Amino acid sequence: MLKWIALWVACWSVADFVLMGVDKRKAKKHRWRVPEKTFFLIALVGGSPGAILGMYAFHHKTRHWYFKWGLPAIFIAQLALGGWAYWRFFLS
């Protein structure tokens, strides 16, 4: 079960990381952009590690407070929920 969860998070993280790179490239060329809500939706379903890594790897969206604080907040909430679920369902 845990390997499936890890695979889920890895896939969504890769997707969000790639989207950060694509959006940064599009921003430099003044072209169509990825909607900001897309980054947050993917982060909410498990892509928050990739979104955070992409944000800093591509130096993209780092000036927006809701990205700078929101994505880590989502990640911390997911870690807390995952820790609680692990303790509740796997250790008891």
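The values are calculated or read from the model by the stated rules, or taken from the named source; none is laboratory data. Here the structure is a predicted model, which means the values were calculated and not measured. Neighbour counts are summed over all protein chains in view; Cβ atoms, including those assigned to glycine, are modelled from backbone coordinates with ideal geometry.
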Residues (small (Gly, Ala, Ser) and touching a helix residue (DSSP H, G or I) at 6+ places or on another chain (Cβ under 6 Å)) located in the range 16-52
ALA43, GLY46, GLY47, SER48, GLY50, ALA51
Of all residues in the range 1-55, which are small (Gly, Ala, Ser) and at pLDDT below 95?
ALA6, ALA27
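Condition check ((1) in contact (Cβ under 8 Å) with a residue 40 or more places away in the chain; (2) surrounded by 12 or more Cβ atoms within 10 Å (Cβ to Cβ); (3) assigned to a helix (DSSP H, G or I); (4) touching an Asp or Glu at 6+ places or on another chain (Cβ under 8 Å)) across all residues:
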| site | (1), (2), (3), (4) |
| --- | --- |
| VAL9 | yes, yes, yes, no |
| ALA15 | no, yes, yes, no |
| VAL22 | no, yes, yes, no |
| TRP32 | no, no, no, no |
| PHE40 | no, yes, yes, no |
Odd one out for TRP65 among (1) in contact with a Phe, Trp or Tyr (Cβ under 8 Å, 6 or more places away or on another chain); (2) of a type outside the set (Gly, Ala, Ser); (3) free of Cβ contacts under 8 Å to residues at least 24 places away in the same chain:
(1)
Number of the condition not met by GLY50 [criteria: (1) within 25 Å of ILE5 (Cβ to Cβ); (2) surrounded by fewer than 20 Cβ atoms within 10 Å (Cβ to Cβ)]
(2)
In the range 1-17, what residues are among the aromatic types (Phe, Trp, Tyr) and more than 19 Å from LEU71 (Cα to Cα)?
TRP4
Which one is surrounded by the fewest Cβ atoms within 10 Å (Cβ to Cβ), of the residues in the range 53-78 that are over 18 Å from VAL14 (Cα atoms) and of a type outside the set (Phe, Trp, Tyr)?
ARG63
